[in-house]
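The next block holds one structure in the form of structure tokens; read it before the comments.
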Amino acid sequence: MGQHTDRIGEKIGTYLDEMVALRHDLHRHPELGYNEHRTSELVADKLNDWGYQVTRGVGKTGVVGTLQNGNGPRKLGIRADMDALPIVEATGLPYASSTSGRMHACGHDGHTSILLTSARYLAETRDFSGTLNVIFQPAEEGGAGARAMVRDGLFKRFPCDAVFGLHNWPGVPTGQFGFITGPAMASVDKVTVRIIGKGGHGARPQETVDPVIASASFIMALQSIVARNIDPLDAAVITVGTIHAGIAPNVIPDSVELELTVRTFRSEVRETIKARLNTLAKAQAESYGAVAEVDYPSGYPVLVNHPDETEFARQVALDHFGAARIEKDFRPISASEDFAFMLQETPGSYLFIGNGDSAPLHSPLYNFNDGILPSAARYWVTLTEAYLAKNPSDKSARQS
């Protein structure tokens, strides 16, 4: 920490009113995945005004702003997500969603505002040497927008030696930073199982093949996968979220449809569960005379933070904020994040910043904490200046 860091904080402080107003505007106008048209245009227009080379339509509605300064050879990517969720907001805030059934319930409005503020500062000061790519991604909430951007040539068109992202985290003290090396967020696969029997009157069950009974047996057998097929030192979660069957209490239905999610922290565990789930579904159904159909597409992979880049990111926080601002023993998170697709292509790290004592993510009562905007924006600035240091012998630059 020093005079330069203080100057960064002071200058970003002069943006604070605009930062908050921008965040509230984005919150008031939430857009779902691949429909972030207003948000994308707002982002692109601001970046263009600040002197970035702007590319629209990357991965459908994604935006990339590129700023080159000096002759440094390094190329850095920083990503923020832009999409909202299909949730009816219940905060009662004066800037609450103006569109019923859509809400920024995960803080992507805050993430976008943070990166825009950092981009503005870096464009005005240009105290770095190299290439900065600010990546504004669509459709993180289930739409795999990161994968769409990668497939659209993100890292071929905008090469990055490293890429970083962050997420606010409720329950962690306001402005505290969290870092995890290695597997940091779980994979998630959404599975549909359809068990097909033979329906009939509830008074004559002997003439039917009851798929409800077969489904109940399958659900109970699922618990044996984590309990008996997975190493106790590996984490995994199998959740049956929906069961759809029948239209009347005295009619045995022809079929039952179940929807599940599977979360793991290692690809080997992920594959084991996939194989065992398929086997159990078919065997349990067959044991009752029914048939099982399993639809098991691959979802988001495990988010794995690269060791060198994570240590670099941690060192930036330590150098510029001090050890007291870093959460000790920040643990892996069983939620999922499609930034994992970017980390499969390019070294990097995904970090966290405390949102304080707020409602949980994806709650209709959630609200992003405006108090973390300056610290998070300052963090991206200091990380950029360290990674793209004019003097490569600088301490932080050597960490990567």
Limited to the range 322-359, what total is found for residues that are open to solvent by 20 Å² or more (accessible area, probe 1.4 Å), of a type in the set (S, T, N, Q) and within 22 Å of ASP308 (Cβ to Cβ)? 1
Residue within the range 173-181 that is part of a loop (DSSP other than H, G, I, E, B), among the aromatic types (Phe, Trp, Tyr) and open to solvent by less than 40 Å² (accessible area, probe 1.4 Å) present: yes
For the range 124-145, state whether one or more residues are over 13 Å from LEU67 (Cβ atoms), open to solvent by 40 Å² or more (accessible area, probe 1.4 Å) and outside any helix (DSSP H, G or I). yes
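To keep it simple, each residue is scored yes or no on (1) of a type in the set (Phe, Trp, Tyr); (2) in contact with a Ser or Thr (Cβ under 6 Å, 6 or more places away or on another chain).
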{"site": "ASP319", "(1), (2)": "no, yes"}
{"site": "ALA323", "(1), (2)": "no, no"}
{"site": "GLN344", "(1), (2)": "no, no"}
{"site": "HIS362", "(1), (2)": "no, no"}
{"site": "TYR366", "(1), (2)": "yes, no"}
Any idea how many residues of the range 53-78 are touching a residue at least 40 places away in the same chain (Cβ under 8 Å) and farther than 29 Å from MET103 by Cβ? 11
Mind checking which pairs have a first residue in the range 92-106 that is farther than 14 Å from THR39 by Cβ and part of a loop (DSSP other than H, G, I, E, B) and a second that is hydrophobic (A, V, I, L, M, F, W, C) and open to solvent by 50 Å² or more (accessible area, probe 1.4 Å), Cβ under 7 Å, 6 or more apart or different chains? SER100/VAL88; GLY101/VAL88
If the Cβ limit is 8 Å and pairs must be 6+ apart or interchain, which residue in the range 17-32 that is among the aliphatic types (A, V, I, L, M) pairs with which residue that is open to solvent by 60 Å² or more (accessible area, probe 1.4 Å)? LEU32/PRO86; LEU32/ARG102
Somewhere in the range 193-205, is a residue of a type in the set (A, V, I, L, M, F, W, C) and within 28 Å of PHE368 (Cβ to Cβ)? no
If you go through the range 244-278 one residue at a time, how many are part of a strand (DSSP E or B) and surrounded by 15 or more Cβ atoms within 10 Å (Cβ to Cβ)? 12
Among the residues that make up the range 157-168, is at least one of them under 30 Å from ARG7 (Cα atoms), among the basic types (Lys, Arg) and open to solvent by 10 Å² or more (accessible area, probe 1.4 Å)? no
Pairs returned, first residue in the range 349-374 that is closer than 18 Å to SER118 by Cβ, second residue that is assigned to a helix (DSSP H, G or I) and among the aromatic types (Phe, Trp, Tyr), beta-carbon separation under 9 angstrom, 6 or more apart or interchain, are SER349/PHE312; TYR350/PHE339; LEU351/TYR379; ILE353/TYR379
Close pairs (7 angstrom Cβ cut-off, 6 or more residues apart or separate chains): without any contact (Cβ under 8 Å) to a residue 60 or more places away in the chain and closer than 17 Å to LEU233 by Cα in the range 257-271, assigned to a strand (DSSP E or B) and of a type outside the set (D, E, K, R) anywhere: VAL269/ALA236
Based on what the data block shows, is THR117 part of a helix (DSSP H, G or I) and on the phi < 0 side of the Ramachandran plot? yes
Identify the residue in the range 282-312 that is among the aromatic types (Phe, Trp, Tyr) and open to solvent by less than 40 Å² (accessible area, probe 1.4 Å) and, among all such residues, is farthest from GLU337 (Cα to Cα). PHE312
Could you go through the range 173-186 and let me know if any residue there is hydrophobic (A, V, I, L, M, F, W, C) and either without any contact (Cβ under 8 Å) to a residue 24 or more places away in the chain or more than 15 Å from PHE352 (Cβ to Cβ) (or both). no
Could you grab me the full set of residues in the range 41-93 that are open to solvent by 60 Å² or more (accessible area, probe 1.4 Å) and within 18 Å of ARG23 (Cα to Cα)? GLU41, ASP45, LYS46, GLY92
Please work out if THR239 is part of a strand (DSSP E or B), within 18 Å of VAL302 (Cβ to Cβ) and among the hydroxyl-bearing types (Ser, Thr, Tyr). yes
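The values are calculated or read from the model by the stated rules, or taken from the named source; none is laboratory data. Here the structure is a predicted model, which means the values were calculated and not measured. Every residue, glycine as well, gets a Cβ built from its backbone with ideal geometry; the counts of neighbours run over all protein chains shown. What goes into the accessible areas is simple: the full protein's heavy atoms, side chains included, and nothing from ligands, DNA or RNA. Shrake-Rupley method; radii C 1.70, N 1.55, O 1.52, S 1.80 Å.
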